[in-house]
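Each remark here refers to the structure printed beneath this line.
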Amino acid sequence: PFSYPRSYLTRPIPLSEMKDFWVLIQKFVEWVTSVNFSVAEDLFDELQGIRNGSMGSIRTAALTLAIAVEALADLLLDSIEVERDYSDEVDSLLKHVSGWNGDDNVRQRAKSMLGSLKQVRPVDRLYKFAQISDTSTELVDAWKKLRDMVAHGQTSNSHQQFLDRYFSTTELLYRILAFVIGYQGSICTTAKRGWGLDEWGFPEKAAPNVD
């Protein structure tokens, strides 16, 4: 009798850990009130976009989530330093291309592409984040595959694989937010098949292990 909007977005905290939920809320409020307003506003915009997208089809949910995680990597993880060990090699290539006696438009495009190699990409920040936060790099792998697939309108041969990548990216989202606000409590391990089954009286081992 009570209608509610369907959403693919999962909760961040297990139902069995409600004390952690209130700790999360407190940490989030403390963080919001301590940062620049524009940063908090941008975060709220991204979270609202994720929420709105999650109420559509699973493909819409996956697209908005994957792109939002990429945006949040730049917004929230910009202080993470990522080493670029091949800057000298890129400079050498740029010098070579600059001296190439060919079409100027092609030369400029090639220089632009090479120059981007010296910039820190969101995926670089996410892998570095995983390293320093003890987060599984498999979550970043799943996000990257999901992002590349939905951003180019591609489809997955396996619906289960598609769902695995979506819910792994969801867990990555919550772990990024937890890291940024200083929350160290429990988080739903939605990257693991069968998560939450125990909350309904089913053992997690009941979850199918099918690729």
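The values are calculated or read from the model by the stated rules, or taken from the named source; none is laboratory data. All values reported here derive from a predicted model rather than from experimental measurement. Cβ coordinates were reconstructed from backbone atoms using ideal geometry, including for glycine residues, and neighbour counts include every protein chain displayed. In case anyone asks, the SASA skips ligands and DNA or RNA and just uses the protein heavy atoms, side chains included. Shrake-Rupley method; radii C 1.70, N 1.55, O 1.52, S 1.80 Å.
Does Lys205 qualify as being modelled with pLDDT under 75 and part of a helix (DSSP H, G or I)? The answer is yes for Lys205. Within the range 160-181, can one find any residue that is touching a Lys or Arg at 6+ places or on another chain (Cβ under 9 Å) and assigned to a loop (DSSP other than H, G, I, E, B)? There is no residue in the range 160-181 that is touching a Lys or Arg at 6+ places or on another chain (Cβ under 9 Å) and assigned to a loop (DSSP other than H, G, I, E, B).
When Asp148 is tested against (1) within 19 Å of Thr10 (Cβ to Cβ); (2) modelled with pLDDT under 95, just one condition goes unmet, and that condition is (1).
Being touching a residue at least 40 places away in the same chain (Cβ under 8 Å), open to solvent by 90 Å² or more (accessible area, probe 1.4 Å) and over 14 Å from Val180 (Cα atoms) narrows it down to one of Arg59, Arg121, so name that one.
On inspection, the qualifying residue turns out to be Arg59.
Filter the range 90-114 for residues that are under 30 Å from the mean Cα position of the chain (by Cα) and either in a loop (DSSP other than H, G, I, E, B) or exposed (fewer than 13 other Cβ atoms within 10 Å of the Cβ) (or both); which is modelled with the highest pLDDT? Per the criteria, the residue is Arg109. The residues of the range 21-37 that are touching a residue at least 40 places away in the same chain (Cβ under 8 Å) and under 22 Å from the mean Cα position of the chain (by Cα), listed by number, are Leu24, Lys27, Phe28, Trp31.
Based on what the data block shows, is Ser98 in contact with a Lys or Arg (Cβ under 8 Å, 6 or more places away or on another chain) and more than 30 Å from Arg193 (Cβ to Cβ)? Considered against the rule, which asks whether it is in contact with a Lys or Arg (Cβ under 8 Å, 6 or more places away or on another chain) and more than 30 Å from Arg193 (Cβ to Cβ), Ser98 comes out as yes. A single entry from Ala71, Ala66, Ala40 fulfils the requirement of being in contact (Cβ under 8 Å) with a residue 60 or more places away in the chain and open to solvent by less than 40 Å² (accessible area, probe 1.4 Å): Ala66. Annotation: of all residues in the range 151-195 being under 29 Å from Glu30 (Cα atoms) and of a type in the set (Gly, Ala, Ser), the one that is surrounded by the most Cβ atoms within 10 Å (Cβ to Cβ) is Ser168.
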